[in-house]
Amino acid sequence: CSCIILYCDWMWTLDGDVVPQTLAIFSTIAKALTTGELPLWNPYVWGGIPSIGALGNEAMYPINWILCLLFYDYETELLSFAMIPANICVHLLIYYVGLYCILKKIGTRPLQAGLLCCMSILSFSFCGFLEWIVTFNSFSWTPLLIYVLWRLLESKGKKTLFFGISLAIIWANLVSISIVRVL
């Protein structure tokens with residue numbers, strides 16, 4: 001995935017002033033989580049804008065919490081820059097899995113489904129990091145949301161409960177991303 005990021009003209013992941021600002025927000029979120037606090041307020045970055053209202057940080061998004069904790073160095077109290085490309089890769093994987101499941105459901109062969117998913121990912125055009133990260137993080141869940149909803153409508157018995165809970169989890173993730181846009 002790093003090769004895709006390097007060779008598909010997504011150089012904004014490697015330079016620019018917005019990435020260090022966003023990394024500082026994620027770092028503050030990681031520090032808050034490690035001290036047992038919810039990252040709702042950030043008095044240091046961007047003149048004290050509340051974290052929950054700052055576009056791009058998705059302070060209530062569980063995926064970001066997990067990534068912030070995984071890439072946080074407890075000794076130096078610093079967040080690794082690798083968190084940014086890892087975030088992208090996680091969401092590309094979520095998109096890929098959802099789209100692959102949909103394509104398999106409609107009868108596409110595995111190799112064709114895999115190639116179509118790769119071509120779909122490579123056709124994305126990314127610009128404007130802060131606006132893009134919120135939009136893409138919510139958009140990447142769409143194929144999986146559609147697939148699980150489709151399976152829920154077809155299911156019977158215990159499978160209905162499984163797909164219902166899966167749909168609720170995906171929906172909760174989407175709502176946690178949307179909190180940033182509302183506030």
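The values are calculated or read from the model by the stated rules, or taken from the named source; none is laboratory data. Owing to the predicted nature of the structure, the values given are computational and were not obtained by experimental measurement. Heads up, the Cβs are rebuilt from the backbone with ideal geometry, glycines too, and the neighbour counts pull from every protein chain shown. Side chains are part of the model used for accessible areas, which takes the heavy atoms of the whole protein and leaves out ligands, DNA and RNA. Shrake-Rupley method; radii C 1.70, N 1.55, O 1.52, S 1.80 Å.
Taking the simple approach of a point 7 Å from Cα along Cα-to-Cβ for both THR35 and SER120, what is their distance in nm?
Calculated label separation equals 4.2 nm.
Enter the accessible area of SER80 (Å², nearest 10), with the probe set to 1.4 Å and all protein chains included.
50 Å²
Using a 1.4 angstrom probe on the protein heavy atoms only, could you order GLU75, GLU37, GLU58 from most to least accessible area? Display every interim value, and only then the final one.
Working: GLU75 175, GLU37 110, GLU58 0 Å².
The most accessible residue leads, giving GLU75, GLU37, GLU58.
Determine the order of LYS158, LYS104 by accessible area, beginning with the largest, at a probe radius of 1.4 Å. Mind showing how you got there, number by number?
On the way: LYS158 185, LYS104 85 Å².
My answer, sorted largest first, is LYS158, LYS104.
Order the following by accessible area, largest value first: CYS68, CYS118, CYS89. Probe radius 1.4 Å; ligands, DNA and RNA are ignored. Show your work: numbers first, answer last.
On the way: CYS68 0, CYS118 60, CYS89 35 Å².
Largest to smallest exposure gives the sequence CYS118, CYS89, CYS68.
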